[in-house]
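Report on the following structure.
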There are 2 protein chains.
Amino acid sequence: MSVSMSTAAAPLTHLKPSTASQITAFPTSLSRPTSRPLSITCSSTTLQTPTSAATDRVFNFAAGPATLPENVLLKAQSELYNWRGSGMSVMEMSHRGKEFLSIIQKAESDLRALLNIPSEYTVLFLQGGATTQFAAAPLNLCGPADVVDYIVTGSWGDKAFKEATKYCNPNSIWSGKSEKYTKIPNFDSLNQTPGAKYLHICANETIHGVEFKSYPTPAGENEVLVADMSSNFCSKPVDVAKFGMIYAGAQKNVGPSGVTIAIVRSDLIGHAQPITPVMLDYKIHADNSSLYNTPPCYGIYMCGLVFEDLVEQGGLAEVEKKNVKKGSLLYDAIDGSKGFFRCPVERSVRSLMNVPFTLAKTELEAEFVKEAAKEKMVQLKGHRSVGGMRASIYNAMPLAGVEKLVAFMKDFQARHDHA
Amino acid sequence: MSVSMSTAAAPLTHLKPSTASQITAFPTSLSRPTSRPLSITCSSTTLQTPTSAATDRVFNFAAGPATLPENVLLKAQSELYNWRGSGMSVMEMSHRGKEFLSIIQKAESDLRALLNIPSEYTVLFLQGGATTQFAAAPLNLCGPADVVDYIVTGSWGDKAFKEATKYCNPNSIWSGKSEKYTKIPNFDSLNQTPGAKYLHICANETIHGVEFKSYPTPAGENEVLVADMSSNFCSKPVDVAKFGMIYAGAQKNVGPSGVTIAIVRSDLIGHAQPITPVMLDYKIHADNSSLYNTPPCYGIYMCGLVFEDLVEQGGLAEVEKKNVKKGSLLYDAIDGSKGFFRCPVERSVRSLMNVPFTLAKTELEAEFVKEAAKEKMVQLKGHRSVGGMRASIYNAMPLAGVEKLVAFMKDFQARHDHA
């Protein structure tokens with residue numbers, strides 16, 4: 001195979017998502033034990049010898065860590081060894097050097113633009129996942145004797161509630177557990193606690209596929225709504241001003257695992273309980289621009305590349321349109337299957353990110369997952385606590401992935417529905 | 001430039017460090033705006049057109065995040081887009097999938113081999129840096145009324161001590177602060193507290209360049225020695241059995257920032273204080289093999305590549321020999337400069353990882369750092385709290401880097417000593 005390494009002519013830096021599918025023949029098989037030179041081209045239409053690299057990529061429906069934009073991965077690959085002439089990898093950079101400062105500052109700036117974050121909100125890049133915030137939120141936002149309210153619409157909201165019992169007096173004012181977490185409550189019927197310091201929700205339950213489409217107004221005088229947005233962060237526009245705090249693990253929509261982003265109304269910072277570990281104290285991180293100690297630099301860099309990509313796509317309104325299209329396609333396929341496929345979630349609150357579904361013939365579910373994997377659609381097995389299937393279709397899942405899944409579902413049904 | 005993409009014939013997977021210098025012409029400049037195809041070769045001696053990639057790499061003396069092995073970076077680059085035929089990046093993998101499980105299990109296995117970790121010790125891959133462990137250690141290893149002892153040999157040991165005051169009764173039984181943290185105490189003279197639950201040390205002070213060469217025996221009945229080894233982890237063999245717990249941020253010797261490794265004697269696990277955040281509870285992580293929530297997967301993968309590299313180098317005894325050689329070269333240059341360069345640290349406890357030094361003519365220090373950077377030796381400025389210079393020469397700093405620095409120091413002295 002001959003080689004035309006014309007990537008140099010088409011800087012990956014400026015690739016738009018729309019061209020990403022054209023560069024999938026990047027060398028991904030360097031470790032393949034063959035003595036023949038590898039045929040490679042990364043420019044638009046000059047692919048001389050189709051390799052298996054493009055088709056080697058699977059559609060990854062994992063709930064997180066999850067699929068990332070192909071052009072972001074290729075850009076990261078091109079820069080991994082030597083970031084933009086710095087002579088080193090981003091992984092090797094001092095977090096206090098000018099190179100990394102430019103990276104984290106651009107990441108924050110792009111995120112602020114995407115979510116239109118008001119200036120009175122502080123953006124923090126943290127570690128430890130949303131699970132760390134389950135403790136950090138009460139430790140920072142209330143005292144040990146304070147009452148706070150939790151709406152529990154799934155497993156993650158329940159975990160957040162339970163962790164808070166260590167640090168304050170949380171009330172679970174609504175739980176969907178008895179209905180297997182398939183609903184969101186009517187906000188008017190909520191029995192909020194007068195004087196509650198905040199109201200906590202999980203904006204999208206990754207396991208159960210239940211998503212808030214609008215938000216309740218907290219009863220407390222400060223109107224502090226706290227939302228775990230891990231699995232629908234940056235999937236659509238959000239009015240940040242309605243929240244006291246938004247937090248999200250990055251590994252669903254905006255980056256690799258190991259980075260947690262918190263957006264906190266600045267007046268809520270600086271009141272941490274005395275037992276708060278220094279690494280869980282928002283004031284420490286706010287005062288040090290997320291550089292109190294060494295942050296997860298490479299993860300932040302990756303988030304920055306994703307933010308840049310989302311900006312280039314036209315922002316979150318455009319991103320939401322794509323997500324609505326993908327979600328509709330999949331839910332329509334389920335609902336149109338005459339009961340062969342079923343989604344247990346109430347229609348009005350179905351998640352556009354995580355789509356759980358079952359087969360009426362449950363004995364076929366294992367086969368469904370196995371056959372799909374053979375067709376390069378992987379990680380479709382449902383969470384171990386729920387069973388069935390789950391297709392996570394975050395921002396970076398291409399429409400083609402959902403189309404392929406829907407086609408496969410129809411084919412699978414045709415082959416099994418007569419039995 | 002023509003292209004010979006013969007990497008496929010020389011799998012990076014099996015590259016030994018000794019060949020790393022031969023593969024520095026890997027495509028690092030994909031984003032370079034030139035219309036000419038890029039000349040690339042990754043095989044041993046067939047480099048047809050020397051590119052600037054090899055010489056573009058700087059010697060990075062940063063204290064952490066720090067330089068990583070060149071062959072590890074190149075391997076990571078080759079695998080970034082598609083890990084070993086999985087059809088996805090390591091960053092996209094479910095942490096519960098078989099691919100990532102193989103990665104984290106191999107990382108632990110190689111680390112156990114390197115440090116000869118006894119079976120009664122648990123290895124945890126955590127987040128939040130050593131700073132999080134400053135809280136987690138007391139929260140897990142003692143009760144709120146317990147006394148613990150801290151030997152404070154530098155800024156990091158002092159931070160650990162201060163954080164512990166939130167969770168127990170720590171005694172600072174020795175502090176080197178009045179002597180500007182240039183010493184390690186004589187162990188016989190230590191006034192340990194009877195009944196102390198543990199004795200805490202910082203095995204290597206990154207900022208001050210002070211390193212324990214042997215370890216004190218704790219007085220408490222359980223003989224629990226706790227060591228922050230962030231900046232000399234895996235730089236030499238360590239008898240793990242002497243410790244109750246060893247913890248280390250990865251970003252000095254073994255990986256990128258965002259991963260913290262804890263090696264804990266298993267009988268010490270399971271006694272966390274009730275206020276311990278779930279993410280700081282060692283039992284939670286031990287019971288779930290570091291997969292209670294989503295771990296920092298890509299960072300763990302990188303650590304695994306570094307561990308593999310250290311094993312291939314012949315293990316930590318061999319690594320220590322190289323570090324001794326590098327350290328001796330640099331300290332000899334300082335000591336042989338007739339006072340032009342000075343290292344404030346007592347000779348017997350000088351760190352082999354972080355070498356702080358000053359100029360007798362302090363007014364030349366800024367020029368020294370600036371000129372060195374021009375010669376592609378970067379991040380030599382001392383910590384802002386200490387001043388002067390600091391050369392961090394971790395495992396991955398090549399001997400050539402120290403040789404170049406020493407040559408530069410001699411040249412700089414020759415040009416300025418007569419003044």
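The values are calculated or read from the model by the stated rules, or taken from the named source; none is laboratory data. None of the values given here were measured: they were computed from a predicted structure. So basically every Cβ, Gly included, is an ideal-geometry build from the backbone, and we count neighbours across all protein chains shown. For the accessible areas, the whole protein counts, side chains as well, though only heavy atoms, and no ligand, DNA or RNA atoms are used. Shrake-Rupley method; radii C 1.70, N 1.55, O 1.52, S 1.80 Å.
From the largest down, chain B spans 71, 64, 34 angstrom on the principal axes of its Cα atoms. Taking amide H atoms as placed 1.01 Å from N in the peptide plane, the amide H of A:LEU126 lies under 5 Å from those of A:THR260, A:ILE261, A:ALA262, each 5 or more residues away in sequence or on another chain. Whole Å is fine, so just give me how far the alpha carbon centre of the stretch A:266-316 lies from that of the stretch B:305-347. So the separation of the two Cα centres works out to 36 Å. Between the listed residues A:GLY176, B:VAL406, B:LEU280, the Cα displaced farthest toward the positive end of the dipole of the protein assembly as shown, a dipole computed from Cβ unit charges relative to the Cα centre, is found at B:VAL406. At full extension, B:ASN116 and B:ASN186 could sit 22.4 nm farther apart than now, given 0.36 nm per residue minus the alpha carbon distance. In chain A, the DSSP beta bridges split such that about 55 percent are antiparallel, to the nearest 5.
When chain B is treated as a GNM with alpha-carbon contacts under 10 Å, the residue of B:PHE340, B:PHE307, B:PHE357 showing the greatest mean-square fluctuation is B:PHE340. Per residue, the accessible area of the stretch A:359-412 comes to 46 Å² when a 1.4 Å probe rolls over the protein heavy atoms. The label point for A:GLU221 and the one for B:LEU399, both projected 7 Å from the Cα toward the Cβ, are 7.1 nm apart. For the pair B:LYS376 and B:LYS177, label points projected 7 Å from Cα toward Cβ lie 4.4 nm apart. Take the Cα radius of gyration of the stretch A:133-279 and divide it by 2.2 N^0.38 Å, with N its residue count; two decimals is plenty. For the stretch A:133-279, the normalised Cα radius of gyration comes out at 0.97.
Based on DSSP, what percent of beta bridges with both residues in the protein assembly as shown are antiparallel, to the nearest 5? Present the calculation step by step, with values, prior to reporting the outcome.
Details: 42 of 76 bridges.
The antiparallel fraction comes to roughly 55 percent.
Only protein atoms count toward the accessible area here, which uses a 1.4 Å probe; on chain B, the carbon and sulfur part of that area reaches 51 percent.
Legend: distances between Cα atoms for B:LYS325/B:LYS370; B:LYS321/B:LYS404; A:LYS283/B:LYS166; A:LYS242/A:LYS325; pairs beyond 23 Å are B:LYS325/B:LYS370; A:LYS242/A:LYS325. For A:ASN354, the residues whose modelled amide H falls within less than 5 Å of its own, excluding neighbours fewer than 5 places apart on the same chain, are A:ILE393. Diffusion of the protein assembly as shown by Stokes-Einstein, at 25 °C in a medium of 0.890 mPa s and with Rh set to the Kirkwood radius over alpha-carbon pairs, works out to 87 µm²/s. Here is how far apart the A:SER385 label points are across copies: 4.1 nm, shortest first, using a point 7 Å from Cα toward Cβ. Cβ-Cβ distance of A:ASP239 and B:ARG84, R₀ of 45 Å, FRET efficiency by 1/(1 + (r/R0)^6): the value works out to about 0.55.
Basic side chains Lys and Arg get +1 at the Cβ, acidic Asp and Glu get -1 at the Cβ, and with that the dipole of the stretch A:163-221 about its Cα centre reaches some 120 debye.
Taking the stretch A:358-382 and a reference point 7 angstrom along Cα→Cβ of A:ARG415, the backbone N atoms nearer than 14 Å belong to A:364-377. In whole angstrom, how far apart do the alpha carbon centroids of the stretch B:71-150 and the stretch A:187-242 sit? Going from one Cα centre to the other spans 33 Å. How big a patch of accessible area, both sides summed and in Å² to the nearest 100, lies buried between A and B at a 1.4 Å probe? The contact between B and A buries close to 6700 Å².
Using the Kirkwood formula on the Cα atoms of the stretch B:103-145, what hydrodynamic radius do you get, in angstrom to one decimal? Spell out each step's value before the answer.
Values: mean 1/r = 0.0811 Å⁻¹.
One over the average 1/r among Cα pairs gives 12.3 Å for the stretch B:103-145.
Given +1 at the Cβ of Lys and Arg, -1 at the Cβ of Asp and Glu and no other charges, the dipole of the protein assembly as shown around its Cα centre is 1360 debye to the nearest 20.
Between A:ALA317 and A:LEU291, what's the calculated FRET efficiency when r is the beta-carbon distance and R0 is 35 Å? Round to 0.05.
Values: r = 32 Å, r/R0 = 0.92.
Taking R0 as 35 Å, the efficiency between A:ALA317 and A:LEU291 is 0.65.
Which of the pairs A:LYS213/A:LYS326; A:LYS177/A:LYS361; B:LYS162/B:LYS381; A:LYS159/A:LYS197; B:LYS338/B:LYS361 have their Cα atoms more than 22 Å apart in this structure? Walk me through the intermediate numbers first.
Values: A:LYS213/A:LYS326 17 Å; A:LYS177/A:LYS361 25 Å; B:LYS162/B:LYS381 27 Å; A:LYS159/A:LYS197 19 Å; B:LYS338/B:LYS361 13 Å.
Beyond 22 Å: A:LYS177/A:LYS361; B:LYS162/B:LYS381.
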